[in-house]
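> Below: one structure in structure tokens.
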């Protein structure tokens, strides 16, 4: 069994803590993508711990602090990254310590696959689910300590963020519409990492513009556009395949959808 690392509580500090945005760290705390059911549940919060571009990892330790007046921990689920690619079905040992009174979570993960004691790359280490006790923004502080099979430090660090800050996406994306095919109305979602002027069009298969759904400035974040199957002149369009196209600053993307009657 690989030695599990003991992570200091956030109040103790960490001399190896790195500065910068939370999404610039090798361990990233994030919320789920907008097509995840947890992202649409306003009464619950899911935080995902991802590791990125790690050369060798055998054990990982984390200490997360949150505001217990705003959040209540429901469950902690280990990810598949650290326990993958071993001979046994379960190659991971998990230890955790939670104080709901102070709002602190200590999580330690260790790999137990002797034939391959380390993994490398990027993936999910854990998922933490909370109940929201209020609509107030909650401060978060994360310390992490990643170790190789010799228990030497691979990387350690810490950063502070908020629940609200984690809602901002770190990349542009256009998602498939839902439902598809549709009859009366469909929903199209997209995400912006920065504020952009967004032009959103519906085209027919000949590339002719049928409807303009948006032509304005959008703030960074997750956005939804609905289309009721009508053209710019208010008429219901014919059944068939249509293309929705978004232009947002340097970003451009399109997908197909089908309307039926």
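Just so it is clear, none of the values below were taken in a lab; they were calculated from the coordinates. Just so you know, these numbers come straight off a predicted model, no measurement behind them. We place every Cβ from the backbone using ideal geometry, glycine too, and count neighbours over all the protein chains shown.
> Roughly speaking, what is the stretch gain from residue 80 to residue 230, that is 0.36 nm per residue apart minus the C-alpha to C-alpha distance, in nm to one decimal? Don't skip to the answer; put the middle values down first.
Numbers: separation 150, 0.36 × 150 = 54.00 nm, distance 4.49 nm.
Value of the extension gain: 49.5 nm.
> May I ask you to derive the FRET efficiency for residue 69 and residue 194 from their Cβ-Cβ distance with R0 = 30 Å, giving the value to the nearest 0.05?
Calculated transfer efficiency: 0.40.
> In segment 173-259, what percentage of the DSSP-assigned beta bridges are antiparallel, given to the nearest 5?
The antiparallel proportion sits near 95 percent.
> What distance in nm lies between label points placed 7 Å from Cα along the C-beta direction at residue 53 and residue 134?
3.9
> I need the calculated FRET efficiency for the pair residue 203 and residue 171, taking r as the beta carbon distance and R₀ as 22 Å, to the nearest 0.05.
Details: r = 24 Å, r/R0 = 1.11.
Computed FRET efficiency for residue 203 and residue 171: 0.35.
> Okay, next question. Between residue 253 and residue 187, what is the spin-label point distance in nm, taking each point 7 Å from the Cα along the Cα→C-beta axis?
For the pair residue 253/residue 187, the computed spacing is 1.7 nm.
> Provide the packing ranking of 120-129, 247-256, 138-147, 49-58, i.e. peptides ordered by the mean count of other C-beta atoms within 10 Å per residue, highest first.
138-147, 49-58, 120-129, 247-256
> Contour minus end-to-end for residue 162 and residue 101, with contour as 0.36 nm per residue of separation and end-to-end as the Cα-Cα distance?
Difference between extended and current length: 20.0 nm.
> Can you tell me which of 107-116, 93-102 comes out highest on packing, and rank the rest after it, using the mean Cβ neighbours within 10 Å?
Numbers: 107-116: 18.9, 93-102: 12.3.
Highest to lowest by the protection proxy: 107-116, 93-102.
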